[in-house]
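See below for the structure under consideration.
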Amino acid sequence: MTLTELQKLYTNSEIVEAVIEPSIQANGWIVEFRHRRGGFVPLTDGSGSEKCYHDIDTATERAFEVGFHQVRIADTF
């Protein structure tokens, strides 16, 4: 989902957690949001492709833009 779509879900309390984790497909980090009914919703661009960021700080900023004040960093360890 795009940033704007995720902001609407956040406003309606449909997403409850922001998670940043390593990307499987690229060297970087993705941002996902846990839906209140279960499952995760990834941050995507307008064409539906998952957004990948080169550093954790930029990925965290996107989660903050959605509305979250805290994020969980998931790693491969």
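The values are calculated or read from the model by the stated rules, or taken from the named source; none is laboratory data. None of these values were measured; they are calculated from a predicted model. Please note: Cβ atoms are built from the backbone with ideal geometry, for glycine as well, and neighbour counts cover all protein chains shown. Just the protein is used for accessible areas: all its heavy atoms, side chains included, with ligands, DNA and RNA removed. Shrake-Rupley method; radii C 1.70, N 1.55, O 1.52, S 1.80 Å.
Could you please find all residues in segment 34-77 being among the charged types (D, E, K, R) and under 13 Å from the mean Cα position of the chain (by Cα)? If you could, list the steps in order and put the result at the bottom.
Here is the first cut: in segment 34-77, the residues among the charged types (D, E, K, R) are 34, 36-37, 45, 50-51, 55, 57, 61-62, 65, 72, 75.
Correct list: 34, 45, 50, 51, 57, 61, 62, 65, 72.
Count, please, the residues in segment 39-75 that happen to be in contact with a Pro (Cβ under 9 Å, 6 or more places away or on another chain) and either in a strand (DSSP E or B) or within 18 Å of residue 8 (Cα to Cα) (or both). I'd like the intermediate steps shown before the answer.
First pass over segment 39-75, keeping only residues in contact with a Pro (Cβ under 9 Å, 6 or more places away or on another chain): 50-51, 74-75.
Then keep just the ones that are either in a strand (DSSP E or B) or within 18 Å of residue 8 (Cα to Cα) (or both); that gives 50.
Counting residues in segment 39-75 that are in contact with a Pro (Cβ under 9 Å, 6 or more places away or on another chain) and either in a strand (DSSP E or B) or within 18 Å of residue 8 (Cα to Cα) (or both) gives 1.
In segment 61-77, what count of residues is obtained for those that are β-branched (Val, Ile, Thr) and surrounded by fewer than 14 Cβ atoms within 10 Å (Cβ to Cβ)? Write out each step before concluding.
Let us first name the residues in segment 61-77 that are β-branched (Val, Ile, Thr), namely 66, 71, 73, 76.
Imposing the further condition that a residue be surrounded by fewer than 14 Cβ atoms within 10 Å (Cβ to Cβ) reduces the set to 73, 76.
Looking only at that region, the number is 2.
Would you point out the residue of segment 1-60, among those that are free of Cβ contacts under 8 Å to residues at least 24 places away in the same chain and among the hydrophobic types (A, V, I, L, M, F, W, C), that is most open to solvent (accessible area, probe 1.4 Å)?
24
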